[in-house]
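K.L.:
Structure in structure tokens, see below.
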Amino acid sequence: MSRFSTHWEIKELFLKNVFTIARGSKASVNNVFLTITRNGVEGYGEAGPNTRYNETAETVIQFFERFPFEGLNEVKSERELERFISENSSDNAPQSAKTAIEMAWLDWWAKSQHHPLWKLWGIPSSLGPLTSFTIGLDEVSVMQRKINEADQYPLYKIKLGTDHDREIIEGIRKITKKPLRVDANEGWETVDQAKREIEYLEKNGVEIVEQPMHSSMKSELEELKKWSPIPLMADESFTGIEPLTEIADAFHIINIKLMKIGGLVKAKRTIKEAQELGLKVMIGCMIESSLGITAGGILASFCEYADLDGNLLISNDPFVGLKVLENGHIDLGTEIGIGIK
């Protein structure tokens, strides 16, 4: 019987513009791309490590070097896949590395079935939800330019969490009336500050506020949720191990990122569990190629919201996959597997 062969490499993905959030800036990212091959069929996976979660390309490679890939030859279902990866991962294993392995196997499996993964998962259409386009922190004039350059997108997510957030929103509202979502990336330090900023944002047509304060401020976030006139979304507060009931006490929406949660199968199950608790769900992303973004797009088809633009922010995408249509909705296409070339 044919056995899987494996190959991985680090690729530096260059951003079209320096990308800045409340925690810092980056001009490129080092993502790790995994290929598994069996019976002439290749499956691709991507790890987008983030230092916020103590992950780097090097820790991903170290995990791959220790991982018993030969065991994938015995995996017959996604449930077995998830269990096998879990049984061979320590508690501090890079979640993005686990995601890459699962993504590669699912891509290979769907290709071997000659179908897109979204069809095998019972999704009725390749068309998914509206996605936002992210505008990183910069001088207000530069943020205005970025919005003008991204005029084809009907919805923007604005990075905030600074001492001049109102100046940013004022500048953006001078050039566009389109709906806005904002992400403070844990940048507001007190409940009072968060309330003042949210009151201002509500008056300026902001429809969602993501991660207003640090994830450690659980009681403060619960207090803020009870008051907030705008839905609050968990990002850094939800990595995938926190009880969803706890998240529902402090937020209205969760942002599930494949690179944080550790795999598509867990993400799919978590979406259902969250929605049963009354939480709405957004599929978000790190800076990723079209491979990771397209995988995220499959999950977004089960969700209310999407923020899948990481591939649009880079200049050297090694894959082609998910498309963003003129109306801002995502289209997974008809390619077999995850859906990339």
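Only the coordinates and a few stated rules stand behind these numbers; no lab work does. Quantities reported herein were computed from a predicted structural model and do not represent experimental measurements. Cβ atoms come from the backbone with ideal geometry, glycine included; neighbour counts cover every protein chain shown.
K.L.:
Can you check what the net charge comes to around Pro68, using other residues whose Cβ is under 13 Å from the Cβ of Pro68 (Lys, Arg +1; Asp, Glu -1)? Mind dumping the intermediate values first?
P.N.:
Numbers: positive: Arg3, Arg66; negative: Glu65, Glu70, Glu74, Glu87.
Spelling it out: positives minus negatives among the neighbours equals -2.
K.L.:
Note down the relative contact order for the chain as a percent, whole number, built from C-alpha pairs under 8 angstrom at least six residues apart. Numbers along the way, then the final one.
P.N.:
Details: 733 pairs, mean separation 67.7, N = 341.
Computed over the chain, the figure is 20 percent.
K.L.:
Match the structure shown to one of the listed values (1) 20.3; (2) 24.4; (3) 20.9 of Kirkwood radius over Cα pairs in Å, computed from it, and give that label.
P.N.:
Here Kirkwood radius over Cα pairs in Å agrees with entry (1).
K.L.:
How high is the relative contact order of the range 11-89, given as a whole-number percent (alpha carbon pairs under 8 Å, six or more residues apart)? Write out the running numbers ahead of the final one.
P.N.:
Numbers: 71 pairs, mean separation 13.8, N = 79.
Relative contact order, the range 11-89: 17 percent.
K.L.:
A further question follows. Can you give the helix-only mean residue ellipticity at 222 nm for the chain, where every DSSP H stretch with n ≥ 4 adds -39500 (n - 2.57) and the sum goes over all residues, rounded to the nearest 500 deg cm²/dmol?
P.N.:
Mean residue ellipticity, 222 nm, calculated: -10000 deg cm²/dmol.
K.L.:
Along the range 269-281, what does the Karplus equation 6.51 cos²θ - 1.76 cosθ + 1.60 (θ = phi - 60°) give for ³J(HN,Hα), rounded to whole Hz, x for Gly and Pro?
P.N.:
Using θ = phi - 60°, the values come out as 5, 5, 4, 4, 5, 5, 5, 5, 8, x, 7, 8, 10 Hz.
K.L.:
Tell me which residues come under 5 Å, amide H to amide H, from Asn31 once H is placed; ignore anything under 5 positions away on its chain.
P.N.:
For Asn31, whose amide H was placed from the backbone, the distant partners under 5 Å are Lys11, Leu13.
K.L.:
Can you work out ³J(HN,Hα) from phi for every residue in the range 79-91, in order, using Karplus 6.51 cos²θ - 1.76 cosθ + 1.60 and θ = phi - 60°, giving whole Hz and x for Gly and Pro?
P.N.:
5, 5, 4, 4, 5, 4, 5, 4, 5, 10, 10, 7, 4
K.L.:
Skipping prolines and chain starts, which residues have an amide H placed within reach, meaning under 5 Å, of the one on Glu304, given they are 5 or more residues away or on another chain?
P.N.:
When sequence neighbours closer than 5 places are left aside, the close amide H contacts are Val281.
K.L.:
Same structure again: Pulled fully out, how much extra length does the chain show between Arg145 and Ser216, if you take 0.36 nm times their separation in residues and subtract their Cα-Cα distance?
P.N.:
Details: separation 71, 0.36 × 71 = 25.56 nm, distance 3.48 nm.
Separation in residues times 0.36 nm, less the Cα-Cα distance, equals 22.1 nm.
K.L.:
Which whole-Hz ³J(HN,Hα) couplings does the range 98-113 yield from phi under the Karplus relation 6.51 cos²θ - 1.76 cosθ + 1.60, θ = phi - 60°, glycine and proline marked x?
P.N.:
Listing the rounded values in order: 4, 4, 4, 5, 5, 4, 5, 5, 5, 5, 4, 4, 5, 5, 5, 8 Hz.
K.L.:
Of all the stretches in the chain, which is the longest one without any exposed loop site, taking GluC sites (Glu not before Pro) in a DSSP loop (any state but H, G, I, E, B) with at most 16 other Cβ atoms within 10 Å? Mind dumping the intermediate values first?
P.N.:
Details: sites that count: Glu139, Glu189, Glu304, Glu326.
In short, 1-138.
K.L.:
Where a ≥ b ≥ c are the square roots of the eigenvalues of the C-alpha gyration tensor, would you call the range 118-214 rounded, which needs a/c under 1.5, or, failing that, prolate if a/b is larger than b/c, or oblate?
P.N.:
oblate
K.L.:
Mind checking which lysines have their Cα closer than 16 Å to the Cα of Lys203? Skip sequence neighbours fewer than 8 apart in that chain.
P.N.:
Reachable lysines: Lys174, Lys177, Lys178, Lys195.
K.L.:
For the range 41-139, just say rounded, prolate or oblate: build the C-alpha gyration tensor, square-root its eigenvalues into a ≥ b ≥ c, call rounded for a/c under 1.5, and beyond that prolate if a/b exceeds b/c, oblate if not. Mind dumping the intermediate values first?
P.N.:
Numbers: a/c = 2.33, a/b = 1.05, b/c = 2.22.
It is oblate, given that a/c is not under 1.5 and a/b is not larger than b/c.
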